[in-house]
Amino acid sequence: MEKEKIAILGGGFGALTAAWHLSATPELRRRYDVEIWQMGWRLGGKCATGRDEHNRILEHGLHFWFGCYDNAWSMLREIYAEWDRPENCPFQTGLDAFEPQNFTPLWTQSSDGSWDFCNIEWPTNSDERGSGELNLSIRGMLSQLASLLKQLLHATFEDETDPTHSAVAREDVDLCCAAQKIEAPEGSDTEALVHLREVRESFRPRRQRSLPLGDLFRDLLHLGATFAAGITWDVLICGKSLEDLNEIEFRQWLKNHGADPEIVETTSPVRAIYDCCFWYLEGDHNRPSVGTGTALRVILRIITTYKESVMFTVKAGMAEVVVAPIYDVLRARGVKVNFFHKTTGLHLDAAENSIARITMARQARILGDYQPTKIINGVPTWPAHPYWDQIENGEALAKAGVDFENHWSPPYPTEEVILKRGRDFDKVILGIAMGGYKPLNPDEPGLARELIAQRGPFADMVENTGLVPTLAAQVWLPQTTSELGWDDRPATVAGPERFDIWSDMSQLLPVEGGTGSIHYFCGAYASTAYSAPAHTDAQAVAYADVAAQFTQWIDDYGTTAWCARPPEPLSPEQVYVRANIDPSECCVGAAAGQVQYRLPADGSGFDNLFLAGCHIRTGLNTTCVESAVMSGMQASRAISGQPRVVIGEDYL
């Protein structure tokens, strides 16, 4: 039997996951011939990484894997079980390539504008990452929420030798036990609602207090009770679905259910979830927006279904411990990966209901079989730039400043490649990020222009899903974490804009071979530069802007972050910054009124085109690795019937 040919466009997590599952068994490999087409020299999408000349890992930003990522963790375990690891690889199971991050101080701002931290230590549990189904009822999740708040309170206030903690404990003698009141009592939903509203009012904070730690937890209890009461009323009593609630912005929904407006707009816990998911229209912190149903799903998944630890940081480059092993296994299975091929057009047949041709630009000709990775200390690494010596005229291209991944690269010669249905592919998985095919300006209608012209659901999704640029910085300091005033590596959110997310990443020192400490920063970036025409200086302008903003941020807040020993002025060699304005590097929004336009993997409206990426309808519906992995699983299932189960896609 002749194999069915599957062309996968793009090399991010959604595309790679689809290839992984389509080639998962000998039977599937007999049925399908899978081929990946990727621009540039590496895989990973927004999680692509590269080593520079100093062996430092350069990322697009800061990546956490949450403990609730059941599908991603499960796939990682399978990858390492099949991967022929380098002999001296420091990671054996995949799970050991990540480190628990239980210490997550929250930035807090006082009424005088000054910033400080409230330390939070998350409880752990004995569940196993990537090991099972999610099966929590609404009441069960509310009980889990109450239990977690109680554990957080006890863990935070348990040190009675700390005078600050003791002072808080004396003023709020029963604060540590108060969270259990959020748990709905036995009885009807109406009785539960009355109870929760009473709890909400009892924890409306006294805003004049001088102890930010106590205020923070009163905020949490007030919001927790509001959250539970809102779900009880809307879902249990009124019978609304979470999809219905996506029409309402989450902050407004909290206020509608009695939350204190000041808390909703200013408290760190609310800001934290928006920051983590980049829920800001066009990256503008003054325009927060997320559909309530999506916010409820994400919050409940993160805090009531995590396994082992709430989140994890990686011990090497994200694309080194996950993407490179996937690449090795896929090649061993017979999946072909074509680097240096940028998709330029999807072209319909005469009936305008299926893809007949795909046009691409071959960005470079390679000398022999391109070897994209190199083993360093047992870890497969990607370079920050292509291996120019493996490319025809590589030296001249490098000297000209060519960047195969960047929309505003200096021009370089390309060759057109045409893939035809029947000869080169039968089915197509569009795994390119939304920004890679969204129309940008009148002169650049995008690679999906023929599909959008049909004015069907695909056009609705593309036109009604917003892009969110981000920015990032990495810093290498000679001081250790302890010398900078921290007993443990902090990972923080809700900080001063725009670098409002920060994590000490010193666990990377062993694989980089450095000393001192490493720090990653990121945040949403208010910009529409992604729509700037090609061959302009948009990227250079954005880079200069981000670099200047980070210098100012360090001047303003560096001594708060690194409290024991203020760093001396940072040299250019200590800092790496990114302005992620390239359309394919932008995140996608989940704003109120937008989520409804997301399509499932098999919902493109074209009979041989399937979708993958965290911009489609997965059950999480927000930018994250788990959502991308779920999308790839769903695309594979739409074609092959496998995998049958995608954990969490029907969660609430």
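Worth pointing out:
- For region 127-145, the count of residues that are modelled with pLDDT under 80 and either closer than 19 Å to F312 by Cα or of a type in the set (D, E, K, R) (or both) is nonzero.
- Residue match in region 641-648 (condition: open to solvent by 60 Å² or more (accessible area, probe 1.4 Å) and touching a strand residue (DSSP E or B) at 6+ places or on another chain (Cβ under 7 Å)): no
- In region 346-353 there is at least one residue matching the filter, namely being within 29 Å of E626 (Cα to Cα) and surrounded by 16 or more Cβ atoms within 10 Å (Cβ to Cβ).
- Residues in region 1-58 that are buried (at least 24 other Cβ atoms within 10 Å of the Cβ) and among the β-branched types (V, I, T): I6, I8, T17, V34, I36, T49, I57.
- Output for region 175-230, where each listed residue is hydrophobic (A, V, I, L, M, F, W, C), modelled with pLDDT of 80 or more and open to solvent by 50 Å² or more (accessible area, probe 1.4 Å): V194
- Residue in region 257-274 that is in a strand (DSSP E or B), closer than 30 Å to L509 by Cβ and open to solvent by 10 Å² or more (accessible area, probe 1.4 Å) present: no
- Residues that are assigned to a strand (DSSP E or B) and closer than 29 Å to Y32 by Cβ do not occur anywhere in region 434-448.
- Selected residue [part of a loop (DSSP other than H, G, I, E, B), over 20 Å from the mean Cα position of the chain (by Cα) and not hydroxyl-bearing (S, T, Y)] from A590, A601, A564: A564
- Region 123-148 residues that are on the phi > 0 side of the Ramachandran plot, paired with ones that are open to solvent by less than 70 Å² (accessible area, probe 1.4 Å) and among the aromatic types (F, W, Y) (beta carbon under 9 Å, 6 or more apart): G130/Y69; G130/W73
- Residue in region 503-537 that is most open to solvent (accessible area, probe 1.4 Å), counting only those that are farther than 22 Å from D556 by Cβ and hydroxyl-bearing (S, T, Y): T515
- Residues that are touching a strand residue (DSSP E or B) at 6+ places or on another chain (Cβ under 6 Å) and of a type in the set (A, V, I, L, M, F, W, C) within region 4-55 comprise I6, A7, I8, L9, A15, A18, A19, L22, V34, I36, W37, M39, listed in sequence order.
- Hits in region 77-124 (condition: under 13 Å from K315 (Cβ atoms), open to solvent by 50 Å² or more (accessible area, probe 1.4 Å) and out of contact with any Pro (no Cβ under 8 Å at 6 or more places or on another chain)): Q92, T93, E99, P100
- Qualifying residue in region 319-329 (condition: surrounded by fewer than 23 Cβ atoms within 10 Å (Cβ to Cβ), in contact with a strand residue (DSSP E or B) (Cβ under 9 Å, 6 or more places away or on another chain) and farther than 21 Å from P386 by Cα): no
- Yes/no for L471 being of a type in the set (A, V, I, L, M), closer than 30 Å to V270 by Cβ and surrounded by 17 or more Cβ atoms within 10 Å (Cβ to Cβ): yes
- Exactly one residue among K427, K399, K420 is within 18 Å of A18 (Cα to Cα) and basic (K, R), and that residue is K427.
- Selection over region 590-612 of residues that are in contact with a helix residue (DSSP H, G or I) (Cβ under 9 Å, 6 or more places away or on another chain) and open to solvent by less than 10 Å² (accessible area, probe 1.4 Å) gives a count of 9.
- Scan of region 235-249 for residues that are under 15 Å from L296 (Cβ atoms), part of a helix (DSSP H, G or I) and open to solvent by 10 Å² or more (accessible area, probe 1.4 Å), ordered by number: V235, L236, L242, E243, D244
- Taken over region 613-652, the criterion of being of a type in the set (G, A, S), in contact with a helix residue (DSSP H, G or I) (Cβ under 8 Å, 6 or more places away or on another chain) and under 17 Å from F13 (Cα atoms) is satisfied by G613, G619, A628, S631, G632, A635, S636.
- Single condition V402 does not satisfy, out of (1) open to solvent by less than 30 Å² (accessible area, probe 1.4 Å); (2) among the β-branched types (V, I, T); (3) not in a loop (DSSP other than H, G, I, E, B): (3)
- Checked against the criterion of being modelled with pLDDT under 95 and either of a type in the set (A, V, I, L, M, F, W, C) or in contact with a Pro (Cβ under 8 Å, 6 or more places away or on another chain) (or both), the candidates I263, I326 yield just one match: I263.
- The lone exception for A356 - which of (1) open to solvent by less than 40 Å² (accessible area, probe 1.4 Å); (2) in a helix (DSSP H, G or I) it fails: (2)
- Screening D500 on (1) charged (D, E, K, R); (2) open to solvent by 10 Å² or more (accessible area, probe 1.4 Å); (3) within 25 Å of S627 (Cβ to Cβ) shows it passes everything except condition (2).
- Note on region 455-468: among residues that are within 9 Å of R598 (Cα to Cα) and open to solvent by less than 10 Å² (accessible area, probe 1.4 Å), the one that is farthest from the chain's Cα centre (by Cα) is F458.
The values are calculated or read from the model by the stated rules, or taken from the named source; none is laboratory data. Remember, predicted model here, so these are calculated numbers, not experimental data. Note that each Cβ is placed from the backbone with ideal geometry, even for glycine, and that neighbours are counted across all protein chains shown. The area values use the complete protein model at the heavy-atom level, side chains included, leaving out ligands, DNA and RNA. Shrake-Rupley method; radii C 1.70, N 1.55, O 1.52, S 1.80 Å.
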